[in-house]
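The values are calculated or read from the model by the stated rules, or taken from the named source; none is laboratory data. What you see is a predicted model, and the numbers here were worked out from it, not measured in a lab. With ideal geometry, Cβ positions are generated from the backbone for all residues, glycine too; neighbour counts draw on all protein chains shown. Surface accessibility is based on the protein's heavy atoms, side chains included, excluding ligands, DNA and RNA. Shrake-Rupley method; radii C 1.70, N 1.55, O 1.52, S 1.80 Å.
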Amino acid sequence: MQLSSLLERFNEPETLKMAKLGRELRAKGFDITDLSLGEPDFDTPDHIKEAAKKAIDDNYSHYTPVAGYPDLREAVCTKLKRDNNLDYTPDQILVSTGAKQSIANIIMSIVDAGDEVIIPTPYWVTYSEIVRMAGGEVKFVHAGIESGYKITAAQLEAAITDKTKLFMFSSPCNPSGAVYSKEELAALAGVFAKHPDVFIMSDEIYEYINYEGKHESIAQFSEIKNRVVIVNGLSKGYAMTGWRLGYIAADSTVIKACEKIQGQVTSGTNAVTQRAAITALTGDMRPTAMMVTEFTKRRKRVLELVAEIPGMVCSEPQGAFYIFPEVSNFFGKADGEDKIDNADDLCMYLLNKAHVSTVTGKAFGAPNCIRLSFANSMENIEKGFSKIKEALAKLK
Ligand code: PLP
């Protein structure tokens, strides 16, 4: 059976692979603690669920406009003004089935075969793979633990060539938790101002999960705003991963291009989800604040627990709900049965011996690291880290 060559250009997400392996072991009766999760462990706030129930009763059961209901696009504009002091009009907004689809729309609208796309490492797994699906060339720029997992303006300037079409990043970053300050973004914007053919995709889906202060968007710099494409969504900030709603804010030319693609791939996003999204975006933000308060407590505890594990080197995440320690101190070691040569081996060792699922840093372009999520209860965090500490102590 001959399938398409497209399939050979990209990999399946490592994050989903680990979740699958964990589920398989759990089905065999093992008590697996899941620290690989990329979603809040909270339930969707009640007022949003009520809005969805009402939408069902009000018969929101038909196709929607491809770009989203006009009042939802308006609500996104209201949110961007309220939270980010950014001015957008509804024709500059497109609603998609999750931010993942927003990202796919953007890449397919902007990137041609052979175009270069700059991605700072570590990065969210999906960026590079969709660029490859589109035939683009991925160009990674290294940002390690020593620079707080952030790139500098000088690194960006050095990476841009005549072929550069797009720059993609997330702040707060999944997996590193790095958050770019206004000054750091201003420096990057200064470089982009000199390169008028480069688009900037700013993934702000972890906007609310910020432990340092105010979220800053690179779209605030007027000299580049028409080339900035903001991606955001409801998954992380409102505990709505399964509802599948993401959105794009960009110049209307980009929005029209994305709408054309989405019109052939999925049409409009789920009608009930869109109605609930209006309530989420314009309604009570206290449930989100409560989740962030809980993540803040867990972050503090996780950093204490990591500090008790010899060999794990960790920087403090400024946002999102992951820690991303360097684990190369364990490479070359063995427990008598399993030898650890890299981060993949370490994740498999932790899964099979400690029964804790984590994600290898290789998936995020950082092969000396692993990602541990603290989107799990304090009880599971304590249990998971205690099992990790015990298993790592056996590596000699
Ligand atoms: N961007 C980042 C950085 C993410 O971590 C994720 C999900 O893990 C997404 C986008 C996609 O989110 P959605 O659930 O809206 O597709």
Under Karplus coefficients 6.51, -1.76 and 1.60, residue-wise ³J(HN,Hα) of the stretch 228-236 in Hz, glycine/proline x: 8, 10, 7, 10, 8, x, 9, 3, 8
Candidates E39, E50, E137, ranked by Gaussian network fluctuation over the chain, Cα under 10 Å, top entry: E50
Under-5 Å amide H pairs with F199, H placed in peptide plane, nonlocal only: L166, F167
Highest-fluctuation residue, C173, C347, C369 considered, GNM on the chain with Cα pairs under 10 Å: C347
Tensor-based shape of the stretch 148-196 (alpha-carbon gyration tensor, a/c under 1.5 rounded, otherwise prolate or oblate): prolate
Residues with amide H under 5 Å from that of E137, placed H, sequence gap 5 or more: G114, D115, E116, V117
Rounded percent of accessible protein surface that carbon and sulfur make up, the chain, 1.4 Å probe: 53 percent
Most mobile of D344, D197, D46 in a GNM of the chain (Cα contacts under 10 Å): D46
On Cα atoms only, tilt of 99-110 relative to the major axis of the chain in degrees: 60 degrees
Fraction of antiparallel bridges per DSSP, the stretch 197-250 only, in percent to nearest 5: 50 percent
Label point distance in nm, A154-R9, each placed 7 Å from Cα along Cα→Cβ: 3.6 nm
GluC sites (Glu not before Pro) within the stretch 318-396, DSSP loop, no more than 15 other Cβ atoms inside 10 Å: E337
Beta bridges by DSSP in the chain, antiparallel share as percent, to the nearest 5: 45 percent
Karplus (6.51, -1.76, 1.60) ³J(HN,Hα), θ = phi - 60°, over the stretch 21-34, in Hz, Gly and Pro reported as x: 4, x, 4, 5, 5, 5, 5, 7, x, 7, 8, 8, 9, 9
Neighbour net charge for Y180 - beta-carbon separation under 11 angstrom, K R +1, D E -1: -3
For the chain: accessible area per residue (Å², 1.4 Å): 43 Å²
Total formal charge among the other residues, if their Cβ is under 13 angstrom from that of N368, Lys/Arg +1 and Asp/Glu -1: -3
Fully extended contour minus Cα-Cα distance, from A27 to F331, at 0.36 nm per residue: 106.4 nm
Radius of gyration and Dmax over the Cα atoms of the chain, both given in Å: 21.0, 63
Amide H contacts under 5 Å for V356, placed H, 5+ residues apart: T33, L351
Those lysines that a straight Cα-Cα span of less than 28 Å connects to K163, excepting residues fewer than 8 apart in one chain: K100, K139, K150, K182, K194, K225, K256, K260, K362
